[in-house]
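The values are calculated or read from the model by the stated rules, or taken from the named source; none is laboratory data. Computed from a prediction, not measured in an experiment: that's the story for all the values here. So basically every Cβ, Gly included, is an ideal-geometry build from the backbone, and we count neighbours across all protein chains shown. Ligands, DNA and RNA are stripped out before the accessible areas are found, and what is left, the full protein with its side chains, is counted by its heavy atoms. Shrake-Rupley method; radii C 1.70, N 1.55, O 1.52, S 1.80 Å.
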Amino acid sequence: LTDPILPIPPTTLTDNVLAPKDEQSFRYFTPRFIADYVIDDEHMLYLSVAKGLKTGGFNNAEDSAQLTYDVSENITYELGSKNTFLDGRLVLNGALYYIDWTNLQGSEPPTHASLSSSDMMANIGDASSAGAELSLLYNATSYLSLDLGLSYSNPEYDDGVKFSPASNRVDCDGSVCPADGEVGGNKLPRSSQEQASLGINLMLPPIGQWMTTARLDANYQSEQYVTPLNVTTIPERTITNASVNISDADERWNLNIWGKNILDEDAAAYAFYITIFNQYLVSKLPGPSYGATLKYRF
């Protein structure tokens, strides 16, 4: 005996089962204005105002209100000075800046959730940052130069910004971190408040047509917060690198011998918070590494 094969009735899609339409246009204008004042041949002041953005996008959401998120914009104001001293042997540049962010993009839970649902991208609020930068280059002799870079920044969320994954953390009880995810006044994650670099450059006398330069540099960054909750940090670190560069007078041949993290700084490179497991994924800095790169220009 065999069962008869019954025909499958056709299925009619209705508006009730169709996914909402995700269609959106993003238009923006990113001007930049610069004004400078030349004091003399060795000193100059400048002021700039620039607008930047991160474009909007789309979510795979069931709620039409979460299908798209808007453009995130920032306006940067910068006042700086560029100077040379000691007949051009010393170059000193500095700047003060202020950044005003609007419509920052972050995550929020879906309004219609299922077991396979994930957080949606959304515009979570505003932030601002004030900072300063200083760079110096000193040509001590024809063969030796030093360079120094310093920077300070203080990026903070404005009041009203919320970090929605806080609701999944067992320790956000209003004491360790706010249970509602309010992060107004907290520092933006993955940004160091202080950074510094120091480099020593050596140019050896030519040997025939061959020129040799060497560089030793150290790069420091202060601790960084992993999430907007500011409860976990990546510790400060200093990485030291070295290199030797050999090239011919025509710059056709070039040999670069390099070493990275030569003092074996043992620190975390970065960390991510995994919301679904309420855990962190941490990656360490690679240990000392060495190599050489040979180039020939035809």
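Structure summary
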{"quantity": "The listed residue being surrounded by 13 or more Cβ atoms within 10 Å (Cβ to Cβ), without any contact (Cβ under 8 Å) to a residue 24 or more places away in the chain and more than 30 Å from PRO165 (Cβ to Cβ), out of ALA214, ALA196, ALA242, ALA218", "calculated": "ALA218"}
{"quantity": "Checklist (1) surrounded by 16 or more Cβ atoms within 10 Å (Cβ to Cβ); (2) within 21 Å of GLU156 (Cβ to Cβ) applied to VAL91, failing item", "calculated": "(2)"}
{"quantity": "ALA113 vs. criteria more than 30 Å from GLY94 (Cα to Cα), open to solvent by 60 Å² or more (accessible area, probe 1.4 Å) and either of a type in the set (A, V, I, L, M, F, W, C) or at pLDDT 90 or above (or both)", "calculated": "yes"}
{"quantity": "Test for TRP258: is it open to solvent by 90 Å² or more (accessible area, probe 1.4 Å) and farther than 19 Å from GLU223 by Cα", "calculated": "no"}
{"quantity": "Count - residues of segment 119-146 that are free of Cβ contacts under 8 Å to residues at least 60 places away in the same chain and farther than 20 Å from GLY184 by Cβ", "calculated": "13"}
{"quantity": "Any hit, segment 147-155, residues being surrounded by fewer than 14 Cβ atoms within 10 Å (Cβ to Cβ), of a type in the set (D, E, K, R) and more than 17 Å from ALA122 (Cβ to Cβ)", "calculated": "no"}
{"quantity": "Subset of segment 263-284 [open to solvent by 70 Å² or more (accessible area, probe 1.4 Å) and aromatic (Phe, Trp, Tyr)]", "calculated": "TYR270, PHE272, PHE277, TYR280"}
{"quantity": "Count - residues of segment 1-49 that are out of contact with any strand residue (DSSP E or B) (no Cβ under 9 Å at 6 or more places or on another chain), in a loop (DSSP other than H, G, I, E, B) and at pLDDT 65 or above", "calculated": "2"}
{"quantity": "Pairs where the first residue, in segment 70-94, is more than 26 Å from THR30 (Cα to Cα) and the second is assigned to a strand (DSSP E or B) and among the hydrophobic types (A, V, I, L, M, F, W, C), C-beta under 6 Å, 6+ apart", "calculated": "ASN83/LEU92; THR84/VAL91; VAL91/LEU137; LEU92/LEU136"}
{"quantity": "Selection from segment 127-138 of residues that are under 21 Å from ARG215 (Cα atoms) and buried (at least 17 other Cβ atoms within 10 Å of the Cβ)", "calculated": "LEU137"}
{"quantity": "Selected residue (criterion: most open to solvent (accessible area, probe 1.4 Å)) from residues of segment 44-61 that are polar (S, T, N, Q) and out of contact with any helix residue (DSSP H, G or I) (no Cβ under 9 Å at 6 or more places or on another chain)", "calculated": "ASN60"}
{"quantity": "Output for segment 63-81, where each listed residue is open to solvent by less than 40 Å² (accessible area, probe 1.4 Å) and under 30 Å from LEU45 (Cβ atoms)", "calculated": "ASN74, THR76, GLY80, SER81"}
{"quantity": "Qualifying residue in segment 166-183 (condition: at pLDDT 90 or above and either small (Gly, Ala, Ser) or assigned to a strand (DSSP E or B) (or both))", "calculated": "yes"}
